[in-house]
Structure formats: C-alpha cells, structure tokens
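Asker: First, the structure itself, so that you have it in front of you.
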Amino acid sequence: MSNSAPQGRSPGKATHGAADNARSYVIGLAFALVLTCASFWASASSLIYGPAVPVLLAVLAIAQMGVHLVFFLHLSSAPDQSNNFLALAFGLFVSALVVFGSLLIMANLNHNMMPMDRLLELQR
C-alpha cells in the first residue's frame, strides 16, 4: 500500500503530522507559483493565438482556485466536508447571480439609453 492520503481526504489534511502538512503547503505553493508564472507568460507571449489568451487565462485562474481550495483551504470530497462544499456552492451561486444580474441590468440600460447625437441635440 502506498503512503498516499486516504480516499476523500485532501492533500493538505495530513494524518501523519506536521511534516506531511508542511509538505502539502509547499506542494500547493509550487503549483500556485507555476500557474501564476504561466498566466504572466501567456499574457505576454506572442506564441499563443491572440483571441485564445483570455480563455487560457480563465482556465489558469480556475486551476489556481482549485489549487487554493484543495491545498490551502483543505476542501475535499470527504463526508465530513459536505457543509464546506455546500457553503462554497452557495457562495459561487450568489456571486454568479450578482455578476450576471449586473450584466443584465447594464445591458438593459445600454439598450434603453438615448443615442448620443439625440442627447447632444437636446442639450442645445
């Protein structure tokens, strides 16, 4: 049997002591640094197709969030983590609701706004 963490446990939730816990933090830090450097490289590089850069940055950002959730916040699929997972899902739902609701309101205001030339005519 290997020395890996039991199923359902996050890598940061060490069962053997502080050495494993510190090792998981160092691994998480290494992943976070690699993803951060990859994001800066992707934004400055001309090797990547221009319109694909925002998509690549979004993918790297989501991967970065996953690293933080697993290695630093110790979120896992263990049965005792169900409340944390539900809180995260609710937070993501509320955040998405605020962002998409704001975009919807701004699009509606933009659609109903008077054209600039007509607005300038009214000010004369």
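The values are calculated or read from the model by the stated rules, or taken from the named source; none is laboratory data. Just so you know, these numbers come straight off a predicted model, no measurement behind them. Here the Cβ positions follow ideal geometry from the backbone for every residue, glycine too, while neighbour counts run over all protein chains shown.
Asker: Looking at Leu109, Leu92, can you tell me which residue is free of Cβ contacts under 8 Å to residues at least 12 places away in the same chain and exposed (fewer than 10 other Cβ atoms within 10 Å of the Cβ)?
Answerer: Leu109
Asker: Can you tell which of Ser77, Ser24, Ser39 is of a type in the set (Ser, Thr, Tyr) and surrounded by fewer than 14 Cβ atoms within 10 Å (Cβ to Cβ)?
Answerer: Answer to the selection: Ser77.
Asker: Got a sec? Which of Phe100, Phe40, Phe90, Phe85 is out of contact with any strand residue (DSSP E or B) (no Cβ under 9 Å at 6 or more places or on another chain), assigned by TED's automatic domain parsing to the domain that holds Tyr25 and not polar (S, T, N, Q)?
Answerer: Phe40
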